[in-house]
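To start, the structure itself, in structure tokens.
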Amino acid sequence: MNTKLTLNLNKSIIESAKDYAKDNKVSLSKLIENYLNSLITKEKRKIEISPLVESLTGVIPTQSEQNSEDDYYEYLSKKYS
């Protein structure tokens, strides 16, 4: 069921949003509805992360961490050679 909503927004933002909606062949109402829905969906996804998965976050080193370790090893090799 659809409900009417009145918003007060900056005129230039409204015009830009209308142009964007037109270029993407979607109504401004649908565009805003999709955006709000994406915000709600993100919040729901954050809550659904299990404690086990959360505890595993960061266990695997990223490429930059590996490079830092390699750089440090190289530094120590040069220092103590």
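The values are calculated or read from the model by the stated rules, or taken from the named source; none is laboratory data. Computed from a prediction, not measured in an experiment: that's the story for all the values here. The accessibility values were calculated without ligands, DNA or RNA, using every heavy atom of the protein model including side chains. Shrake-Rupley method; radii C 1.70, N 1.55, O 1.52, S 1.80 Å.
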Open item on the list: Which condition from (1) open to solvent by 100 Å² or more (accessible area, probe 1.4 Å); (2) at pLDDT below 85 is the one that K4 breaks?
Closed with: (2)
- [ ] Would you be able to say whether some residue in the stretch 55-65 is open to solvent by less than 100 Å² (accessible area, probe 1.4 Å), at pLDDT 80 or above, part of a helix (DSSP H, G or I) and among the charged types (D, E, K, R)?
- [x] no
